[in-house]
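K.L.:
Below you will find the structure I want to go over with you.
Derivation of every value follows stated rules applied to the coordinates shown; laboratory data play no part. Being a predicted model, the structure only gives us computed values, none of them experimental. Cβ atoms come from the backbone with ideal geometry, glycine included; neighbour counts cover every protein chain shown.
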Amino acid sequence: MDFHQFKEEVIAYSKEIGIDKIGFASADVFGELKARLKRQQELEYQSGFEKGSVEERTEPGRLLPGAQSIISIALAYPSKMHDAPRSKKGDRRGIFCRASWGQDYHNVLRDRLQKLGAFLQEKFPEVELKSMVDTGELSDRAVAERAGIGFSGKNCAVITPEFGSYVYLGELVTNIPFAPDEPVNDSCGECNICVDACPTGALVQGGQLNAQRCIAFLTQTKDFLPDEFRTKIGNRLYGCDTCQTVCPKNRKKDFHNHEELEPDPEVSKPKLTPLLSISNRQFKDKFGFISGSWRGKKPIQRNAILALAHYRDETAIDELVRLMNEDPRPVIRGTSAWGLGKIGKPECFAAIEEAMEREEDEQVLFEMEKGVQFQKQ
């Protein structure tokens, strides 16, 4: 088979099925990444969401014996929301990060990869494939960088010349010996804006992330949020875009190429107070199709409480008191008490002190104590 011609056919087909950019990389070991991942482990900078061992994450041949190349794809997503509702006093709203706008990108990319795989199978019946999107072992960013999709920025995102860093990435490991593309020789240069702008200092230095401090990670945790981060997340319900929105490479980058990735304003920027009483069924019906729902409603509700505290929204006091007194989940009861203290009205402190007389959970009582302490500040 003429694999050079076949590669051109694959590129042409990728455009037909709505892939915005495609690149080809060798399936060699990612040696530099392996060393970096081991260092991340030593420093305890990993999130814990990573899949597979360091070897599985850096050696494609372990995932597909006989692997010869990797096809990397990118889909651009919007950076601006049309007709975005305003968050105003008494009617505050939270926000999901841009990577959670529209349908769950895992499903969208899997659809494109499945179609691409079927095309390869039709043209080359001996093909062997393994596809991955985000939750697979391989680093989407490392593959994309090697395949010439873009370069790795100081914000730890792949930055493409065409779409900035507003792209979803996925890949197909294959036994077809496609010729590799050249990496993009661009860089951030002396620019350090994203590192300086990171709200929690999670970007330790350009290209190195302490995931344990990253708001994108913290908003997905299910336990009490550590105190030092509670005033940092603002109205973020899931994820964080700061290191992307401040990037000069992303200036004027806004693409609406895929209808399924368009945000529903009432989903991507929902009212906060109604989230506090939403049932599991209601949560699934409204948010179940977006990637930001994967951890369930508890982290979203906890973050909504922190956002209402951030706004010091007095209209939410009654609902927070109800949660503090009635919710069966200690994290929600305790965070509600902390939030009431942050809002800081006399009735808030009175409600906390009254609830303390009935509360038995030590962690919740600790949060109540912190809530009461706000009146001394």
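K.L.:
Just want to confirm a number: the relative contact order over the range 267-377, from Cα pairs under 8 angstrom separated by 6+ residues, in percent.
P.N.:
Details: 122 pairs, mean separation 25.0, N = 111.
Relative contact order here is 23 percent.
K.L.:
Oh, and also: Can you give the local net charge around Asp20? Use residues other than it whose beta-carbon is closer than 11 angstrom to its beta-carbon, Lys and Arg +1, Asp and Glu -1.
P.N.:
+2
K.L.:
Quick one: among Arg110, Arg93, Arg146, which has the greatest mean-square fluctuation in a GNM of the chain with alpha-carbon springs under 10 angstrom?
P.N.:
With Cα springs under 10 Å in the chain, the top fluctuation among Arg110, Arg93, Arg146 is at Arg110.
K.L.:
Please identify every one of the trypsin sites (Lys or Arg not before Pro) in the range 17-81 that sits in a loop by DSSP and has no more than 10 other beta carbons within 10 Å of its own beta carbon.
P.N.:
Sites meeting the loop and neighbour criteria: none at all.
K.L.:
Taking the Cα centre as origin and putting +1 on Lys and Arg beta-carbons and -1 on Asp and Glu beta-carbons, what dipole magnitude results for the range 35-190, to the nearest 20 debye?
P.N.:
Dipole size: approximately 840 debye.
K.L.:
Could you tell me which residue out of Thr242, Pro263, Ser277 lies farthest along the dipole of the range 234-347 toward its positive end? Charges go on the beta carbon: Lys and Arg +1, Asp and Glu -1, centred on the Cα centre.
P.N.:
Thr242
K.L.:
Next up: Pick the calculated Cα Rg over 2.2 N^0.38 Å for this structure from [x] 0.94; [y] 2.00; [z] 1.10?
P.N.:
[z]
K.L.:
Alpha carbons only, please: Rg and Dmax for the range 15-111, in angstrom.
P.N.:
Considering the range 15-111 through its Cα atoms, Rg and Dmax are 19.1, 60 Å.
K.L.:
Under a cut-off of 16 Å between alpha-carbon atoms, report the aspartates and glutamates in cross-link reach of Lys34, not counting same-chain residues fewer than 8 places apart.
P.N.:
Glu42, Glu44, Glu50, Glu55, Glu56, Glu59, Glu137, Asp140, Glu145
K.L.:
Assuming a viscosity of 1.002 mPa s and a temperature of 20 °C, what translational diffusion coefficient in µm² per second does Stokes-Einstein assign to the range 238-377, Rh being the Kirkwood radius over Cα pairs?
P.N.:
Here the translational diffusion coefficient equals 129 µm²/s.
K.L.:
Got the relative contact order for the chain handy, in percent, Cα pairs under 8 Å and 6 or more residues apart?
P.N.:
Relative contact order here is 19 percent.
K.L.:
Taking the Cα centre of the chain as origin and charging only Cβ (+1 Lys, Arg; -1 Asp, Glu), how large is the dipole, in debye to the nearest 20?
P.N.:
Working: 52 positive and 58 negative charges, 181 e Å.
Around 860 debye, computed over the chain.
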